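The values are calculated or read from the model by the stated rules, or taken from the named source; none is laboratory data. Worth saying up front: this structure is predicted, and the values here are computed from it rather than measured. So basically every Cβ, Gly included, is an ideal-geometry build from the backbone, and we count neighbours across all protein chains shown. For accessibility, only protein heavy atoms count, side chains too; no ligands or nucleic acids. Shrake-Rupley method; radii C 1.70, N 1.55, O 1.52, S 1.80 Å.
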Amino acid sequence: MELFNDIEVKQSALTGIAATMLILFVMPVIFSAIWKKRCGKSSSLKFLFIGAAGFLVSVRVLELGLHMIFIVGDNSASRFINGSTPAYVIYGILTAGVFEEVGRYIIIRFIMRKNITRENAVMYGIGHGGVEVWAITLLSLASTFAIAFTLKTQGTEALMKLLGFSDGIPANLLDSVTAAVSAAATYNALSGFTAVFERIVCMFAHIGLTVIVAYGVEKSKIKYLFFAVISHMIFDIFPALYQRGEAEILAMEIWLAVCTALLTAWSVRLYKNMKRES
């Protein structure tokens, strides 16, 4: 197979991927350690793990199950969604907003009901955003590292076996597979900076959204759940467009940064009006 013979993987690409993975691995630990040190006994680490569990159940089990039908599956609905950028974007932002924020609401409302304080809300948000880093971004980077390492050390044939395409790449997957291999081979400092920056931004966004939902639960105002869902949907517009190749990565990162800045400013105001741990 001569498809990837012209792609050279430099050692700097492997080093860059490994360094990015290390930074992202410790990021949730640093966030939680800083917050725990700031709050002391006012916030319990158990809410870090509750937030992580909330993400895994709502996103990696329930939402992913729906995606297996409407995105991965081969049926009339999936063909319509995958064949239309507007439908794909609407589906993507709606499911992300509803599953994550409703899941957040249910856990805060029924599991954290006796411990809904502003300190615990932030710790929950760190857990939610932190496990997203580990369960999605780190796994993706591990795959990228495996592609780059295999191509560099063992060659194209071994890479094809790793990817499960020993008999050739199907035509409908050729472009995406080639793009993934090229991205792994050309990984650089900018790629790492972008990945880390995006995860930091998303971490603050998850903290802000958790505070918004928790504030609504504490004040018995269901409208804040809808505010959180809508905010989450708006936040995910450009990532969905980027996945479709309809937006540049710079535009997406700027969008995420602006949305997070607004979310953070709003959630800080709500945070100041929430009950603090006695």
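Counting pairs of alpha carbon atoms under 8 Å apart in space and at least six apart in sequence, what relative contact order in percent does the chain give?
Once normalised by length, the contact order is 32 percent.
Of the lysine pairs in the chain, how many meet both conditions: Cα atoms under 16 Å apart, and a spacing of 8 or more in sequence or different chains?
Within the chain, the lysine pair count is 12.
Taking the Cα centre of the chain as the origin, how large is its charge dipole in debye, to the nearest 20, when only Lys and Arg (+1) and Asp and Glu (-1) carry charge on their Cβ atoms?
I would put it at about 2000 debye.
Could you grab the relative contact order for the range 36-117? Cα pairs under 8 Å, six or more apart, rounded to a whole percent. List each step's numbers first, then the result.
Working: 34 pairs, mean separation 24.3, N = 82.
RCO, the range 36-117: 30 percent.
For ILE111 and VAL26 in the same chain, what is the full-extension length gain: residue separation times 0.36 nm, less their Cα-Cα distance, in nm?
Values: separation 85, 0.36 × 85 = 30.60 nm, distance 2.75 nm.
Taking ILE111 through VAL26 to full extension adds about 27.8 nm, to one decimal.
So what is the relative contact order of the range 137-278, in percent, for Cα pairs below 8 Å that sit 6 or more residues apart?
23
Whole-Hz ³J(HN,Hα) for each residue in the range 145-160, computed from phi via Karplus 6.51 cos²θ - 1.76 cosθ + 1.60 with θ = phi - 60°, x for glycine and proline: what do you get?
4, 4, 5, 5, 5, 5, 5, 6, 9, 10, x, 5, 4, 5, 5, 4
With a sphere of radius 14 Å drawn around the Cβ of ILE81, what net charge do the other residues whose Cβ falls strictly inside it have (Lys, Arg +1; Asp, Glu -1)?
Working: positive: ARG79, ARG244; negative: ASP74.
Result for the neighbourhood of ILE81: +1.
Only helical DSSP H runs with n ≥ 4 go in: add -39500 (n - 2.57) per run for the chain, normalise by residue count and round the 222 nm mean residue ellipticity to 500 deg cm²/dmol. Mind dumping the intermediate values first?
Working: 13 runs with 196 residues, N = 278.
Mean residue ellipticity, 222 nm, calculated: -23000 deg cm²/dmol.
Ignoring ligands, DNA and RNA, how do HIS128, HIS67 rank by accessible area with a 1.4 Å probe, largest first?
HIS67, HIS128
Express the accessible area of the chain per residue in Å², computed with a 1.4 Å probe while the remaining protein chains stay in the model. Could you put the intermediate results ahead of the total?
Working: 14500 Å² over 278 residues.
Spelled out: the 1.4 Å probe surface of the chain, per residue, equals 52 Å².
Put +1 on the Cβ of each Lys and Arg and -1 on the Cβ of each Asp and Glu in the chain; which of VAL211, ALA158, PHE197 then has its Cα farthest toward the positive end of the dipole?
Of the listed residues, the answer is VAL211.
How far is the Cα center of the range 18-52 from the Cα center of the range 57-101, in Å?
30
Distance between Cα centroids, the range 232-278 to the range 115-176: provide it in whole Å.
23
Find out how many positive minus negative residues lie around ILE147, taking Lys and Arg as positive, Asp and Glu as negative, among other residues whose Cβ is under 15 Å from that of ILE147.
Numbers: positive: LYS10, LYS152, LYS161; negative: GLU8, GLU157.
Net charge around ILE147: +1.
Which of VAL258, ALA171, PRO239 sits farthest toward the positive end of the charge dipole of the chain, with +1 on the Cβ of Lys and Arg and -1 on the Cβ of Asp and Glu?
The one lying farthest along the dipole's positive direction is VAL258.
Of [x] 1.15; [y] 0.97; [z] 1.09, which is the value of Cα Rg over 2.2 N^0.38 Å derived from the coordinates here?
Recomputing Cα Rg over 2.2 N^0.38 Å here picks out [z].
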